[in-house]
Amino acid sequence: MKVLIYGLGAIGTAFATFLKENAYKVYAITKEKYLKEIKNNQVSVSGIWGNHQAKLNGIYSNINELPEKNFDLIILSVKSYDTEKAVKDLKDLVKENTFLMLAQNGYGNYETAKKYIPAKNILLARVIFGSKVLKPGKVEITVNADDVVIGQPENLADEEKVKQIVDYINNSGIPARYSPEVYQILWDKILYNCALNPLGAILECSYGDLAENEETRRLMNKIIIEIFKVAKLHKIKLRWKTAKEYIDYFYEKLIPPTKDHYPSMYYDIKSGRKTEIDALNGAIVKLGQEKRVKVPVNETITRLIKFKETNS
C-alpha cells in the first residue's frame, strides 16, 4: 500500500510512523520550516503504545516534489483552518481508487472536501487518541479513549474496500474499526472537544480538573445542551436522544480514561499558534445563527479563545 500523510503534526506523525513500521510505502508533506529538523526522514512515537520509529520514503514541503503520484490512501491531518487549501492541493492526487481520509477535529472538513473531491473517495476518521508533538517528527501518545473509527459518511464507497483500509491501519498498531455511522460518531467527538478543549485551554487545566469542579461542569453541560439544540434544528442525527444521556456518558465513560490529558488547544495557545475554535464552538455559533437561535455559552467560549489567541 502507498500512503501519503499530508500534515506531519501530532496525528500525522503517529499514522506515518506506524504505517511505515508495518512496511507500507509512506511519504509525507509538512511545512518547509520543519524539514531541517526531521533528519534522514526519521519519525518516531513514544508513550502508551510503546516506542516506535521509522524512516519514511520521503518528506517534502510541496506535492510537486513527490516521486509518486498514485496513492492508495492519503491521510489529511492538518488543522481544520487549513483544510480548504490542503484539499485544493491534493485534488489531482485523488484518483479513482484513492481514498482521502480526513483525520481532523471539528465540523466542516468533510463538507469542504466534497466541494473539490468526489464524496465516494472521502473517508472520515474519528481520532480520539491524544498525541503531543515533542519536536518535529517526534510525538508522544498520551491517551487513547477509543479506536479510530473510519467510514464513508454517506455510505457511497465500497464497504469492503473501506474495511481493507481499516485493516491496514489496525494491523499497523493503531486500534481502528469500521462504522457506517462514522458521521454521528464524529459528532460525539465534536461534543467532547467543544465541552473540554476551550475551557482546558482558557483555565490551563486537565480534563479531570474540569470534570471535578462544579462550576466548570455547569459550563460544559450548557455547551452540550446548546449543541443538541442546534443539531436538532439542522436535522443532524446524533447517537444520543437527549443531552442528558450524552452528559451522563461523558462524565461516566469518557472523562475517566482521559482525566490527566490537556487539550491540544492549550498547547496551541502556549505556542502562539492559531487554534481550531472556528471548527468547534465557533462552528456551533454559526450553525445557531443560520437558524436564528442563540448559543450564548458557546459564543462566549469562542470569544475568550480568540482573545487568548491574540494575546498569547
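Answer with yes or no whether residue 186 is assigned to a helix (DSSP H, G or I) and at pLDDT below 95.
Numbers: assigned to a helix (DSSP H, G or I): yes; at pLDDT below 95: yes.
Considered against the rule, which asks whether it is assigned to a helix (DSSP H, G or I) and at pLDDT below 95, residue 186 comes out as yes.
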- Query: Does residue 273 fit the bill of being in a loop (DSSP other than H, G, I, E, B) and at positive phi?
  - Reply: no
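For the range 74-98, which residues satisfy the criterion of being outside any helix (DSSP H, G or I) and either surrounded by fewer than 22 Cβ atoms within 10 Å (Cβ to Cβ) or on the phi > 0 side of the Ramachandran plot (or both)?
Residues of the range 74-98 that are outside any helix (DSSP H, G or I), as a first pass: 74-79, 94-98.
Within the range 74-98, 79, 94, 95, 96, 97, 98 meet the criteria.
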- State which residue is surrounded by the most Cβ atoms within 10 Å (Cβ to Cβ) when the search covers only the range 163-183 and only residues that are free of Cβ contacts under 8 Å to residues at least 60 places away in the same chain and assigned to a loop (DSSP other than H, G, I, E, B). 179
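When the range 264-301 is examined, which residues are found to be among the polar types (S, T, N, Q) and either open to solvent by less than 10 Å² (accessible area, probe 1.4 Å) or in contact with a strand residue (DSSP E or B) (Cβ under 7 Å, 6 or more places away or on another chain) (or both)? Step through it out loud before you land on a result.
Step one: of the range 264-301, the residues among the polar types (S, T, N, Q) are 264, 271, 275, 281, 289, 298, 300.
Listed by number, the residues that qualify are 275, 281, 298.
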- Task: Mind counting the residues in the range 190-215 that are closer than 20 Å to residue 248 by Cβ and buried (at least 19 other Cβ atoms within 10 Å of the Cβ)?
- Result: 11
- Message: When the residues of the range 99-134 are narrowed to those that are aliphatic (A, V, I, L, M) and farther than 16 Å from residue 189 by Cβ, which ends up surrounded by the most Cβ atoms within 10 Å (Cβ to Cβ)?
- Response: 113
- Quick one: count up the residues across the range 141-162 that are more than 18 Å from residue 95 (Cα to Cα) and crowded, with 19+ Cβ neighbours inside 10 Å. 8
- Message: List the residue pairs whose Cβ atoms are under 8 Å apart, where the first residue sits in the range 264-291 and is under 12 Å from residue 303 (Cα atoms) and touching a residue at least 60 places away in the same chain (Cβ under 8 Å), the second is of a type in the set (Ser, Thr, Tyr) and in a helix (DSSP H, G or I), and the two are 6 or more positions apart or on different chains.
- Response: 277/302; 278/80; 278/81; 278/302; 281/302
- Task: Enumerate the strands (runs of 3 or more DSSP E) found wholly within the range 9-64, keeping only those where 1 or more residues are surrounded by fewer than 18 Cβ atoms within 10 Å (Cβ to Cβ), at pLDDT 95 or above and touching a Lys or Arg at 6+ places or on another chain (Cβ under 6 Å).
- Result: 25-29, 42-47
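The values are calculated or read from the model by the stated rules, or taken from the named source; none is laboratory data. What you are looking at is a predicted structure, and each value in this text was computed from that prediction instead of being measured. Don't worry about glycine lacking a Cβ; one is built from the backbone with ideal geometry, like all the others, and counts go over all protein chains shown. SASA here: full protein model, heavy atoms, side chains in, ligands and nucleic acids out. Shrake-Rupley method; radii C 1.70, N 1.55, O 1.52, S 1.80 Å.
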